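The values are calculated or read from the model by the stated rules, or taken from the named source; none is laboratory data. These numbers were taken from a predicted model, which means no experiment stands behind them. Please note: Cβ atoms are built from the backbone with ideal geometry, for glycine as well, and neighbour counts cover all protein chains shown.
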Amino acid sequence: MSNLSESYESRANFAINYRNLPDTLLLGKNSESTVEAKLRTSGFQFLYFNFFRKRIDVDVSKAVYLNGKYVLTEDALKKQMDQQLSQNISLLEIDRNQLEVDLYQVASKEIPVVPSLDIQFEQNHILDGKLDVSPDHVVVKGPKNEIDTLRSIRTAPLQLTNLSTDFSREMSLIFPKGMDNTIFSVGRVNVSGKVVRFSEKVFEVPIRVINLPEGYQIKTFPSSVTVLCKATVERLKEISLSDFEVTADYAQLNGAERTVLFLKKTKSPENVYDVRLQEARVNFILEQQP
């Protein structure tokens with residue numbers, strides 16, 4: 001025990017933990033993983049080293065670009081190591097005059113997440129609004145020629161059946177192949193949605209013909225069109241006929257001798273799930289005014 005309290009000089013290997021990478025750089029696979037150092041300390045400290053893994057944090061932001069490589073000089077590396085060793089340990093030397101760090105330039109961009117969901121609702125149920133994706137985008141970092149073609153990233157496919165209540169699912173992302181030097185900020189997202197029960201109501205909406213030639217009047221057959229509206233029961237109670245407008249544009253004929261006009265929704269109520277014309281066209285007779 002008395003011998004262990006004496007000072008010794010010996011070598012020890014430290015695992016390198018790279019940190020503080022600049023946003024424009026990524027760490028390559030060929031970076032050194034260990035560094036050997038000659039130390040002077042007590043036998044107790046060396047005994048401790050033999051039982052516990054030794055690690056040194058290397059601040060990559062201190063690296064300099066020399067002769068086409070990113071390096072930490074011997075003095076810079078020794079200074080970082082010395083600051084992390086306890087006061088009773090003296091750093092005498094390291095096994096290299098510089099540490100080469102395998103770094104490469106990268107670009108970054110945000111791309112949207114597209115959920116691959118196949119939802120089958122129970123009868124008279126529907127999604128209220130849009131799906132909520134969190135996070136709704138991914139930050140991609142990699143060589144510019146690798147990430148330039150990325151426009152979006154999809155989730156793994158998921159099928160939900162007989163859905164009648166709100167839902168929330170964690171979904172993994174499908175990363176494109178051939179992007180070994182690209183990293184993505186997240187690997188999973190949460191997708192949720194609000195499900196509501198809806199009902200249907202039919203409205204008979206008068207057809208309004210626009211752009212009639214001067215001196216003429218028109219009769220359509222029929223004079224109104226059936227409009228199917230889907231919304232919650234509470235919302236349907238608030239909707240009236242005045243919330244709709246259906247028009248037929250006589251100018252669409254452009255001088256052609258036809259007896260059919262196509263219909264168009266020009267006004268619909270807000271906060272509904274669907275408004276659908278049950279007929280797409282209407283016959284007419286054009287008469288000159290007396």
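Yes or no, residue by residue, for (1) farther than 23 Å from PRO290 by Cβ; (2) in the same structural domain as SER172 (by TED's automatic domain parsing); (3) at pLDDT 90 or above:
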| residue | (1), (2), (3) |
| --- | --- |
| GLY187 | yes, yes, yes |
| ASN211 | no, no, yes |
| ILE218 | no, no, yes |
| SER224 | yes, no, yes |
| CYS229 | yes, no, yes |
| THR232 | yes, no, yes |
| LEU236 | yes, no, yes |
| GLU245 | yes, no, yes |
| ASP249 | yes, no, yes |
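One line per residue, one yes/no per condition, for (1) of a type in the set (Val, Ile, Thr); (2) touching an Asp or Glu at 6+ places or on another chain (Cβ under 8 Å); (3) touching a residue at least 60 places away in the same chain (Cβ under 8 Å); (4) farther than 20 Å from LEU25 by Cα:
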| residue | (1), (2), (3), (4) |
| --- | --- |
| SER116 | no, no, no, yes |
| PHE121 | no, no, yes, yes |
| GLY142 | no, no, yes, no |
| ILE147 | yes, no, no, no |
| ILE174 | yes, no, no, yes |
| LYS177 | no, no, no, yes |
| ASN181 | no, yes, yes, no |
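Just one of the listed residues (ASP148, ASP128, ASP166, ASP180) is outside the structural domain of THR266 (by TED's automatic domain parsing) and modelled with pLDDT of 95 or more, namely ASP166. Considering segment 239-290, and only residues there that are in contact (Cβ under 8 Å) with a residue 12 or more places away in the chain and assigned to a helix (DSSP H, G or I), the residue that is farthest from LEU228 (Cα to Cα) turns out to be ALA251.
Among the residues making up segment 127-157, those that are part of a strand (DSSP E or B) and in contact with a Ser or Thr (Cβ under 7 Å, 6 or more places away or on another chain) are ASP132, VAL138, VAL139, VAL140, LYS141, GLY142, ARG154, THR155.
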